[in-house]
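Have a look at the structure below before the remarks.
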Amino acid sequence: MVAVDIARVRGLYPTLAARTAQLDGSFAALTPESVVRAIIATLRSAPAQPGSRSTRSQQSATRVLRARRAAADLVGGEPDDVILGSSTVSLMLRFASLLSSDWQLGDELVLNRLDADVVARPWQRIARAAGAAVRWAEVDLETGELPTWQYDKLIGRHTRVVTVPLGNPATGTVPDVAAIAELAHAKGALVVVDAGAAPAHLTLDLDLLGADLVAVAAPSFGGPTVAALVARPGLFGEMQGGPDDIVAPDSFEIPPLPVELLDGFTAAVDHLAALDETATGTRRERLAASISASGRYTRELYERLDAGLRSLPGVTVLGAADRAVPTVAFTVDNTPPPEVGAFLHRRDVSVWTGPAGLGELLAAFGVDEVGGAVFAGVMPYTSRSEIAQLLEALRELTRPGSRR
C-alpha cells in the first residue's frame with residue numbers, strides 16, 4: 001500500500017506555514033496553492049459569462065466544460081450530466097422545483113436527521129409548495145448511524161424522493177446508501193445523495209451508490225464556493241420528457257455562473273488526484289488511488305483523535321459510527337462551544353464552533369440547547385502533531401481547577 005507523503009502534501013498549502021493547528025475539517029478546509037493560482041489567473045483574464053462569440057466568453061465556456069469534466073471524474077459520472085452553481089442550496093432548489101412540477105397532494109419525501117440544512121430546507125420548501133408530505137428517518141443517537149431498516153416503512157408507493165447524506169460533517173456517518181437506494185428504486189423514488197465531507201476521504205462512485213443525483217460542494221475539499229450536481233445518465237432527459245431526450249446541462253443552470261471560480265474547482269479536483277504522487281492513469285483512476293491512500297492516513301489520525309477525546313473527562317463525543325469519514329463533534333461540560341473555541345484559539349488550535357448548518361441533527365442530540373457543539377476534522381494535510389496539540393489543549397481545559 002502506498003502511503004501519502006504528508007510533508008509534501010502540507011507544502012502545497014501556504015496557510016500551514018503558521019503554527020496554528022488547522023482542524024476545522026470540511027467546515028473550513030484549507031485551500032491549496034494550486035487552487036489560489038488558478039483563480040487568480042482566471043480573474044486576470046477578466047472572464048465573461050459563456051454564451052457569446054467573444055473571446056473571453058468562449059474562454060469561459062471552456063472553463064465550464066473543464067469543471068464539468070472534473071466533477072464527473074470525482075463522482076464517476078459523465079460531463080453532460082453535471083450542473084454547476086454557486087452553492088448546494090441553490091442547485092437543490094433548482095432541481096427540486098423542476099422535479100416537483102407534476103407532484104400531487106399526497107406525494108411524499110423521505111428526509112433524515114443527518115441531512116445538512118442546505119439539503120433539507122430546499123426540499124421542505126418545495127414540499128410545502130406542492131402539498132407533499134415529509135417523512136423523517138431518525139438517527140441512532142448512541143452511534144450516530146442512520147439505520148437502514150427504518151426505510152422499509154418510510155418509503156412507499158407515494159414516495160417521490162429520498163435524500164441520503166454520504167459523509168456527515170459532524171458525526172462523519174457514512175450510511176449504507178446503496179441499500180437505501182435499492183429500497184427507494186423498488187418503489188419508483190429518486191435518490192439524492194449529498195456527498196458532504198466525503199470527497200476528500202472516500203472514492204465516490206455514482207453507480208455503486210445507486211444514486212440518481214449526487215451533490216458535491218468544492219469548499220469541503222479545499223475548492224472555491226462552487227457546487228455541482230452529478231446525475232445518473234438519462235435523468236435530465238426523463239425530467240424533460242422521456243428517456244430518449246437529450247438535454248444540455250446548461251438548460252438547468254441558473255445564470256450567472258461563478259466563472260471566475262470554475263478553474264479553481266477543477267484545480268481542487270486535480271489536487272485530490274495528486275495526493276499520491278505515484279498515481280497514474282486517467283484523472284478518475286488517479287483520484288481513486290490518491291483518495292484511497294490519503295483515506296488510510298486520515299483514518300489513522302481520526303482513530304487517535306476519537307480515542308483521545310473519549311478519554312478526556314467532561315468531553316462527550318456525538319455518535320460512534322462504525323463507518324465514518326474523519327470528522328467529529330463534541331461538547332465540554334459546563335463550557336459553551338464558543339468558549340471552548342476561544343480557549344483553543346489561545347493555544348494555537350483552530351476548530352469550528354460557528355453555525356454548522358445541521359439544525360435537525362443538533363436538535364436530535366439536544367446540543368442546540370447548549371449552543372451547539374465543537375467540530376474538528378482531519379484532512380489529508382493534517383499532521384499527527386496537530387492532533388496531539390488539540391488533545392493536549394483539551395486536557396488543560398478539562399483539568400480540575402483549570403483557568404479558562
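The values are calculated or read from the model by the stated rules, or taken from the named source; none is laboratory data. The shown structure was predicted, so the numbers you read here are calculated from the model rather than taken from an experiment. So basically every Cβ, Gly included, is an ideal-geometry build from the backbone, and we count neighbours across all protein chains shown.
Considering only residues that are under 29 Å from Val351 (Cα atoms) and of a type in the set (D, E, K, R), look in region 1-54 and name the one that is nearest to the chain's Cα centre (by Cα).
Ranking the qualifying residues of region 1-54, first place goes to Asp24.
So how many residues does region 365-384 have that are assigned to a helix (DSSP H, G or I) and either buried (at least 21 other Cβ atoms within 10 Å of the Cβ) or touching a residue at least 24 places away in the same chain (Cβ under 8 Å) (or both)?
Summing the residues that are assigned to a helix (DSSP H, G or I) and either buried (at least 21 other Cβ atoms within 10 Å of the Cβ) or touching a residue at least 24 places away in the same chain (Cβ under 8 Å) (or both) in region 365-384 gives 4.
Working only within region 259-289, note down all residues that are surrounded by fewer than 24 Cβ atoms within 10 Å (Cβ to Cβ), of a type outside the set (A, V, I, L, M, F, W, C) and within 18 Å of the chain's Cα centre (by Cα).
Scanning region 259-289 gives a single hit, Asp270.
Can Val110 be described as of a type in the set (Val, Ile, Thr), outside any helix (DSSP H, G or I), in contact with a His (Cβ under 9 Å, 6 or more places away or on another chain) and crowded, with 24+ Cβ neighbours inside 10 Å?
No; evaluated as a whole, the condition is false for this residue.
Consider Val64 carefully, then state whether it is part of a loop (DSSP other than H, G, I, E, B), surrounded by 16 or more Cβ atoms within 10 Å (Cβ to Cβ), over 20 Å from the mean Cα position of the chain (by Cα) and touching a residue at least 40 places away in the same chain (Cβ under 8 Å).
No, not satisfied.
Tell me which residues, restricted to region 112-138, are in contact with a strand residue (DSSP E or B) (Cβ under 7 Å, 6 or more places away or on another chain) and either modelled with pLDDT under 95 or closer than 22 Å to Glu238 by Cβ (or both).
Correct list: Val119, Trp123, Ala127, Ala132.
Would you mind finding the one in Pro313, Pro256 that is touching a residue at least 12 places away in the same chain (Cβ under 8 Å), surrounded by fewer than 16 Cβ atoms within 10 Å (Cβ to Cβ) and outside the structural domain of Ala218 (by TED's automatic domain parsing)?
Just one listed residue meets the conditions, Pro313.
Restricting to strands (runs of 3 or more DSSP E) lying wholly in region 145-252: which have 2 or more residues that are more than 26 Å from Ala364 (Cα to Cα)?
Result: 227-231.
Can you name every residue in region 316-337 that is polar (S, T, N, Q), touching a strand residue (DSSP E or B) at 6+ places or on another chain (Cβ under 9 Å) and surrounded by fewer than 19 Cβ atoms within 10 Å (Cβ to Cβ)?
Thr316
Just checking, which of Val378, Val351, Val340 is β-branched (Val, Ile, Thr), in contact with a strand residue (DSSP E or B) (Cβ under 8 Å, 6 or more places away or on another chain), modelled with pLDDT of 95 or more and more than 20 Å from His201 (Cβ to Cβ)?
None of the other options fit; the residue is Val340.
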